[in-house]
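Visitor: Pasting a structure here, questions to come.
What follows draws every value from the coordinates through simple rules; no lab data is involved. A quick note: this is a predicted structure, and the numbers were derived from the prediction, not measured. No Cβ is skipped: glycine too gets one built from the backbone with ideal geometry, and neighbour counts run over all protein chains shown.
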Amino acid sequence: MIELPLPPSTNNLFINLPGRGRVRSGAYKAWEKRASAALTFASWDMPAKPYNVTIRLNMDHRGDIDNRCKAVLDLLVKHKVIDGDQWVNELHVYRDRTVGECVVSFG
C-alpha cells in the first residue's frame with residue numbers, strides 16, 4: 001500500500017504557454033514533488049505484470065475520480081514502482097473517506 005497526497009485533476013495537469021507549448025502546471029509540479037517525497041517513505045513489492053491497481057481517494061463528489069488516475073499512474077512509472085501503465089489490466093478507483101488523501105495498492 002502506498003499513501004500519496006490527493007492528485008490534481010487531469011484537467012489541471014498541463015497549461016499551454018505561447019512559444020513553449022504544453023507544459024506542466026504549477027499545481028502538478030507541486031503535487032509531484034510532494035508525492036515523490038511520500039514515495040521515499042513508502043515500501044512496496046514490485047507487482048508482477050500485468051497489474052491490477054486500486055486507487056482510493058478521500059474526496060467528495062465535486063470532482064470526477066477518474067480524472068485523478070493519470071497523475072498517479074504516471075508517478076508510479078516515473079519512480080519505477082511499475083514498469084509501465086500499459087501493463088495495467090484492471091484499474092479500480094474508489095471514493096473512500098476512511099483513507100488519507102490517496103492510497104494505491106496492487107493485487
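Visitor: Got the relative contact order for region 48-90 handy, in percent, Cα pairs under 8 Å and 6 or more residues apart?
Guide: Value for region 48-90: 63 percent.
Visitor: If you take every DSSP beta bridge whose two residues both sit in the chain, what share of them, in percent to the nearest 5, is antiparallel?
Guide: Expressed as a percentage, antiparallel bridges in the chain total about 65.
Visitor: Report the paramagnetic label zone for Thr54: residues of region 1-37 whose backbone N is under 13 Å from a point 7 Å from Cα along the Cα-to-Cβ axis.
Guide: Those under the cut-off are 1-2.
Visitor: Here's something else I'd like to know. Highest mean first, what order results for 57-68, 40-51 on Cβ atoms within 10 Å?
Guide: Highest to lowest by the protection proxy: 57-68, 40-51.
Visitor: Could I ask something else about it? Quick one, which of (1) 14.3; (2) 16.0; (3) 15.2 is the actual Kirkwood radius over Cα pairs in Å calculated for this model?
Guide: (1)
Visitor: Return one number: the angle in degrees, 0 to 90 and rounded to the nearest 10, between the long axis of the Cα atoms of helix 26-41 and the longest principal axis of the Cα atoms of the chain.
Guide: 30
Visitor: Relative contact order of region 11-107: what whole-number percent is it, with Cα pairs under 8 angstrom and at least 6 residues apart?
Guide: Relative contact order for region 11-107 comes out at 35 percent.
Visitor: Using a cut-off of 15 Å between beta-carbons, work out the net charge of the residues near Pro50 (Lys and Arg +1, Asp and Glu -1, Pro50 not included).
Guide: Details: positive: Lys49; negative: Asp83, Asp85, Glu90.
Its environment carries a net charge of -2.
Visitor: Here is a follow-up. Per DSSP helix of 4 or more residues, -39500 (n - 2.57); summed, then divided by the residues of the chain. What does that give at 222 nm, rounded to the nearest 500?
Guide: Helices in the chain give a 222 nm mean residue ellipticity of -7500 deg cm²/dmol.
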